[in-house]
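The values are calculated or read from the model by the stated rules, or taken from the named source; none is laboratory data. Since the structure is predicted, the reported quantities are computational estimates derived from the model, not experimental observations. No Cβ is skipped: glycine too gets one built from the backbone with ideal geometry, and neighbour counts run over all protein chains shown.
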Amino acid sequence: MEYNFSDIEKKWQKAWEEAGVYTVSNESDKLHYYVLDMFPYPSGAGLHVGHPLGYIASDIYSRYKRQKGFNVLHPMGFDSYGLPAEQYAIQTGTHPEKTTFENIDRYIAQLKKIGFCYDWSREVRTCDPAFYKWTQWAFIQMFNSYFDPKTQKAQPISKLIAEFEANDPKWATLSEKEQQERLMNYSIAYLADTKVNWCPALGTVLANDEVSEGLSVRGGHPVEQRVMRQWCLRVSAYAGRLLEGLDRIDWTESLKETQRNWIGRSEGAEMQFMVKKPTPDPSLKGREEEFPMTIFTTRADTVFGVTFMVLAPESEYVAKVVTEEQREEVEAYLARCKNRTERERIADRRVTGVFTGSYAINPLTQGEIPIYISDYVLAGYGTGAIMAVPAHDSRDYAFAKHFNLPIIPLIEGADVSNESFDAKEGKMINSGFLNGMEVKDAIQAMKEYITNTGIGRVKVNYRLRDAIFSRQRYWGEPFPIYYKDGMPYTLPESALPLLLPEVKDFKPTETGEPPLGHATKWAWDEKNQKVVEKNSLSSAPSPRERAGGEVFPLELCTMPGFAGSSAYYLRYMDPHNDQALVDRKVNEYWRQVDLYLGGSEHATGHLIYSRFWNKFLYDLGYVCEDEPFKKLINQGMIQGRSNFVYRYIGEGATGNLYISYNLIDNPEYKDKVQPIHVNVNIVNNDVLDINAFRAWMPEFKNAEFVFADGTSSELTGYTAGAKQYICGWSVEKMSKSMFNVVNPDDVIAKYGADTLRLYEMFLGPLEMSKPWDTNGIDGVHRFLKRLWNMYENIVDEEPTKEELRSLHKLIKKITWDIENFSFNTSIPAFMIAQNELSALKCTKRAILEPVAVLLAPYAPHIAEEMYHRCTSLPFREGSGLGSSFVINAAWPECNEAYLVEDTQKYPVQFNGKVRFTFECPKDTPKDEVERLVLAHEDTARYLNGADPKKIIVVPGRIVNIVM
RNA sequence: GCCCAGGUGGCGGAAUUGGUAGACGCGUUGGUCUCAAACACCAAUGGGAAACCGUGCCGGUUCGAUCCCGGCCCUGGGUACCA
C-alpha cells in the first residue's frame, strides 16, 4: 500500500472544512486556551518556506491542547495596510486594495495546504472597514483621555476639565481654542510639532531605519529634518507600567531585557543652576540677567567636578541664554545641526559645539561655569540640558579636551589624563562634604542634600519616546478627525467607520498634501454628521485652516502600520461584533493570549505598542487583562541556503564549462572559477540536475561539466544521473535574486504537507535561526512511509510488555516535548518508536492507535488516516481527531502511565570508573541501595577489604564509590 | 562600547541542565536486490594501531563538568552620544 500523501491530505482537509471541526465557539464548558501567531503582511511574493515555521509550531501546540480537551482559539488574519501595495499602486495605478486582496487569497490558499487548524471564520484584515472601525474608535478614546500620574491610569478627559473648572480660575477665561490647546498637553493622542525625517520625493515622513546617510533607503532620495505637526501617542506615560508589567509575563529573558533597555528607566536627580547672562547694554555694565536652568543627572555626586554646562541645540533654554556677541556664531551652529539627520549625527562623532556667552553658577561651589551648545546632548531626554563632568563621563571628556576646558577628578586614584573614569566606584575627593564617601553613598547623600536645600529633587527618567502616529500615505486607516478653527475634533462614534476615500492618484498632491488631498469626497458636515464633497467648502487651501459654514476639512494623514496590529488579538475573540471591539463577556472568557508566537524583530515595535494599547483599553475598562500576551515565544528566522555552480574562467575558457565544487581547489582550477547562483529548486542534496540546469536559462543551454569524479561531460554522450555535478553552497537571506527561495507549495507537491511540517520542526530548535536545507527531508519522508506501512494489516492482539514500553516511552517524550516547545526532538522519538515497533513486527491496534493520536499534532493528515484505519469509530464533529475517549487514553498523565520496569539498573563506579552494573527493585530507598551495593560480591572484590571513603547514590542513576 | 543568546563529529543537531557525550537524520563507505541505475533494505561511521584523547581556549569547584564559577577568544542578534 503506497503512501499517497496527496490524496490523504486533500481528503482530510476537505473533511475538516466540511464538518467545520476547527470552528471555535465562545461558549463552552471546556477550559479556554488562546494560541496566536503574529499575523503576516501579505506580500506579493507569497509565502516562502520560512514563514510557516512559527505557524507549524503554534499549530502543534493548538492541536495538542485541543486533543487534551481545551477549547482552543487559534485564528489567523492579515496585517494588510502597508507600503509595498501603495508603492505598487503609485507605479502601476492598481488600487492597493486589489493587490492586497489578491495577495491575501494566495496566502490563504498556501496556508490551507499546510493543514493548520485555524478557525477561518474569525479571519480579520486590518484594511477591512469592519475592522478598522475599531482602530479609529480606539484612537477617539485616546484623544478623549489623559494619563493621570497620581493613579498611573488613563482617565476620561472630562475629569481633567472638571478639575480645571474647579481649581483653575483662569480656565473659564480661555477661549475654546485655548482650552483645546491646553488639553492637547494631556491627551493620550495629541498633535505636536515634532522633528521628523521628511523625504520630499516620497512625500512622507520616514522612520529612522528607512533613512541612510541622508538618503531614503527606498529610491535614494534626499531626506531632510523638518519640524511637522504630527499626531502622537503618549506611550511614554505608560513607561513605568510597561516596565513593571514585564515581571508578570512569561517571555524570554532576552526579549524582556530588550524592552527594558528600550524603556530605559534611569534614576537620577533634577537640579537647578542659576544662569548669569551678561547684558549687551554698556550702561548697565556689571548688571546681569539671572534665571534658573534645570538639568538632569544620574551622577548627583559629581557636582563638585562640573566645569561647564551643555544644552541641546533644540533646547528652549538656548534662546534665553545666548548673548548678543555670540548670537551669530550660535545661529550658524544651529543651522548646521538642523540639516543633519539623526543618522549622520550618529555616524559622525566628531566633537562640535559653540559657547553661548552665558555662565551658570554651581549651586555647591558657587563657581562660574560656561554654558555651551552641542548636539551630543539630546533635546528629547531629561531636560535637554546637562551639567558636564569631564573627569567622569567620556562624552563630556571628549568635549572638554576639544574646547580645552578644565577636568577635575573626583575619585581617589582615578587617572583622567587620557580618558574619563566612568565607573561608579571608589572614594570621593575634591568634593566638599562628600569627601571620603563611596560613590554609591555619595549619590544618595547628594540627593538628600539637594532635596533638603531645594536645589533639586529626585527624578526618574525614561528613554521611551511617544510614538509618532501620522503617515503622509494613502493605504492606511483614516483618522476620525476634522479641523475647526485649526483645532482637531473627533467624529462621533456613530460615524465610524470613516471609510478610506477613493483618490485619482496615490501620490502626494501638487501642493504637497498627503495623497488623501486628492480625495474629492473628504469633508465633514458637522450639522448632518456625514462625509460630504470637498467642493462644498468655500475654499480650503490647507485642510487645517478654517473652512466656511458647518463643513470642515478632514485629516489627510493616515495611521501607521502598527495601528491595526495593536489590538487585533482582541478582535479575534469576537470578530463579527459591530457594537464593540470585543464583547465584555467574551473577553472575560478568553481573557488574553495564552501563547503568542512570532519574530523577535517586533520587540521594540509592535510588542511595545500593543502592550500600551491594551493597557489603555484596560484602564478604560474595555478589556479585563492588563497584559495582552501571557507567554511569548520567538521563533528563529529561516535563512536561505544558496547553491552555486562554478564557471571556468581560466585559460581557454569558453564560458560554457562548469567545474564540480569538490574540484575547485585543485591547482588547475584554483582562482579560475566564478561562482554563479543557481536555482536551488533544480539542485537536490547539492547535486545539480543537469538537464534542468540546461533548460533553466538560455545561457546554460549548452553547458558542459567537469563532474565530481573529474571526468568531463560530452554534450551528446551524457545520460542523466550517471555522473554527479556537486554544487557549492552558502547561507544567505532568502531572496529572489539569490535563487534560493523555496516555496512550500513545491515541497508539499513533492513530499506532502505532513513531511513539510515534520521537517520544519526537525530542522532545529524553534527559537534558533537556521538555513533551509533540504538535504534531510528525504529521511523524514522515509520515516513517514515506514510508519505508514505498519498500518496495513492491523490485528487485535494483546500487546507485549516490550511493545507497551515503546509506546509509553513515546507518550512521555512527546508530552514533555510539546509542553516545553521542544518540537525538534519529537521526530527522533517517533523514529525510534517506529524502529522498535517494526523490529517487534508490531501491528497491534492497541499500540498503533495511540501512536497515531500522538503523531496528530505534528502530522495531522497521515495521523488521521492511520487513526481511522485502526478504529471503527465514526468521525465526529467538534474534534479534529476521533473521539475524546480515545484521546484521553493516549494522552494520560504520562508520568503515571509510563510503564516502569520492575528493577532498576545501577552502574557502579569506583573512583569515577564504571566497573559493573547491578540491579535492585525499583524504588528501593537510597540507603538500602547503598547496603545492597556493599553486599554485592563484585563490590567486595573491588574493595578488597578496604573501607570506602564515600558512597554517592544518585537516585535512579548511578552509585559511585570513592576509595 | 553596552545588553542578550550561543560555540559539541564531514553536516543539521541530541544529551529534559551535575551522572555511560555524539541520540535521530543527512552524508560517506561496504553489502543485499537489479542486466544496470534509481528506490528499498542490512552493516559500519568522533580521533587514535593501542593505551588513551575528545563538547571554542586557560584555570577552578566536584568522586564526577557540554552543564556550575573566574578569565579570555570567536559567532549571531538587539541597542547605541539617554547624562
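Brief remarks follow.
- When A:Tyr359 is tested against (1) buried (at least 16 other Cβ atoms within 10 Å of the Cβ); (2) more than 9 Å from RNA strand B (Cβ to nearest atom); (3) within 38 Å of the chain's Cα centre (by Cα), exactly one condition is not met: (3).
- Within the range A:409-465, restricting attention to residues that are over 22 Å from A:Pro363 (Cα atoms) and of a type in the set (A, V, I, L, M, F, W, C), the residue that is surrounded by the fewest Cβ atoms within 10 Å (Cβ to Cβ) is A:Ala423.
- Flag if A:Thr307 is within 16 Å of RNA strand B (Cβ to nearest atom), closer than 30 Å to A:Asn614 by Cβ, of a type in the set (Ser, Thr, Tyr) and touching a strand residue (DSSP E or B) at 6+ places or on another chain (Cβ under 9 Å): no
- Applying the criterion of being charged (D, E, K, R) and away from RNA strand B (no atom under 12 Å from the Cβ) to the residues of the range A:599-622, the residue that is farthest from A:Arg463 (Cα to Cα) is A:Asp619.
- Selection of the range A:288-314 for residues being over 21 Å from A:Leu405 (Cα atoms) and β-branched (Val, Ile, Thr) yields A:Thr294, A:Thr298.
- Only a single item in (1) farther than 30 Å from A:Ile263 by Cβ; (2) in contact (Cβ under 8 Å) with a residue 24 or more places away in the chain; (3) surrounded by fewer than 16 Cβ atoms within 10 Å (Cβ to Cβ) is not met by A:Tyr483, and it is number (3).
- Residues of the range A:55-87 that turn out to be surrounded by fewer than 22 Cβ atoms within 10 Å (Cβ to Cβ) and under 16 Å from the mean Cα position of the chain (by Cα), as a count: 1
- In the condition set (1) free of Cβ contacts under 8 Å to residues at least 12 places away in the same chain; (2) of a type outside the set (D, E, K, R); (3) buried (at least 22 other Cβ atoms within 10 Å of the Cβ), A:Gln579 is compliant with all but (3).
- Selected residue (criterion: farthest from RNA strand B (Cβ to nearest atom)) from residues of the range A:679-693 that are closer than 14 Å to A:Gly728 by Cβ and β-branched (Val, Ile, Thr): A:Val680
- Test: A:Tyr646 is among the aromatic types (Phe, Trp, Tyr), under 30 Å from A:Pro698 (Cβ atoms) and assigned to a loop (DSSP other than H, G, I, E, B): no
Table: residues versus (1) touching a residue at least 40 places away in the same chain (Cβ under 8 Å); (2) part of a strand (DSSP E or B); (3) away from RNA strand B (no atom under 11 Å from the Cβ); (4) not hydroxyl-bearing (Ser, Thr, Tyr).
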position: A:Gly382; (1), (2), (3), (4): yes, no, no, yes
position: A:Ile386; (1), (2), (3), (4): yes, yes, no, yes
position: A:Tyr397; (1), (2), (3), (4): no, no, no, no
position: A:His402; (1), (2), (3), (4): yes, no, yes, yes
position: A:Ile407; (1), (2), (3), (4): yes, no, yes, yes
position: A:Val416; (1), (2), (3), (4): no, no, yes, yes
position: A:Ala423; (1), (2), (3), (4): no, no, no, yes
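- Screening A:Cys232 with (1) more than 16 Å from RNA strand B (Cβ to nearest atom); (2) at pLDDT below 90; (3) touching a strand residue (DSSP E or B) at 6+ places or on another chain (Cβ under 7 Å) gives one miss only, at (2).
- Residues being in a helix (DSSP H, G or I) and either of a type outside the set (A, V, I, L, M) or in contact with a Leu (Cβ under 8 Å, 6 or more places away or on another chain) (or both) - total across the range A:817-831: 10
- Cβ pairs under 8 Å, 6+ apart, first in the range A:760-778 and more than 7 Å from RNA strand B (Cβ to nearest atom) and at pLDDT below 85, second in a helix (DSSP H, G or I) and not aromatic (Phe, Trp, Tyr): A:Thr774/A:Val680; A:Thr774/A:Val747
- Residue within the range A:129-145 that is without any contact (Cβ under 8 Å) to a residue 60 or more places away in the chain and over 25 Å from A:Leu73 (Cβ atoms) present: no
- Residues that are under 17 Å from A:Arg782 (Cβ atoms) and not aliphatic (A, V, I, L, M) within the range A:738-753 comprise A:Lys750, A:Tyr751, A:Gly752, listed in sequence order.
Results for (1) within 25 Å of A:Glu2 (Cβ to Cβ); (2) within 11 Å of RNA strand B (Cβ to nearest atom); (3) surrounded by 18 or more Cβ atoms within 10 Å (Cβ to Cβ), shown as yes or no for each residue.
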site	(1), (2), (3)
A:Glu797	no, no, no
A:Leu804	no, no, no
A:Lys809	no, yes, no
A:Ile827	yes, yes, yes
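- When A:Ala846, A:Ala753 are screened for being within 25 Å of A:Gln110 (Cβ to Cβ) and more than 14 Å from RNA strand B (Cβ to nearest atom), only A:Ala753 passes.
- Close contacts from the range A:191-211, counting a first residue that is closer than 12 Å to A:Gln472 by Cα and a second that is modelled with pLDDT of 70 or more and within 16 Å of RNA strand B (Cβ to nearest atom), with Cβ to Cβ under 6 Å and a gap of 6+ residues or different chains, come to A:Val205/A:Val196; A:Leu206/A:Asn197.
- Of A:Ile429, A:Ile373, all but one fail to be β-branched (Val, Ile, Thr) and away from RNA strand B (no atom under 15 Å from the Cβ); the exception is A:Ile429.
- Top-ranked residue in the range A:235-257 [being more than 18 Å from A:Phe562 (Cα to Cα) and among the hydroxyl-bearing types (Ser, Thr, Tyr); ranked as farthest from RNA strand B (Cβ to nearest atom)]: A:Thr252
- Residue within the range A:795-804 that is over 26 Å from A:Ala45 (Cα atoms), part of a helix (DSSP H, G or I) and in contact with a strand residue (DSSP E or B) (Cβ under 9 Å, 6 or more places away or on another chain) present: yes
- So A:Phe823, is it more than 26 Å from A:Lys631 (Cα to Cα), crowded, with 21+ Cβ neighbours inside 10 Å and either at pLDDT 90 or above or within 8 Å of RNA strand B (Cβ to nearest atom) (or both): no
- Any chance A:Val196 is touching a helix residue (DSSP H, G or I) at 6+ places or on another chain (Cβ under 6 Å), closer than 25 Å to A:Gly564 by Cβ and not small (Gly, Ala, Ser): no
- The range A:714-739 - residue that is away from RNA strand B (no atom under 16 Å from the Cβ) and of a type in the set (S, T, N, Q) and, of those, modelled with the lowest pLDDT: A:Thr716
- None of A:Tyr569, A:Tyr489, A:Tyr474 is part of a strand (DSSP E or B) and modelled with pLDDT of 90 or more except A:Tyr489.
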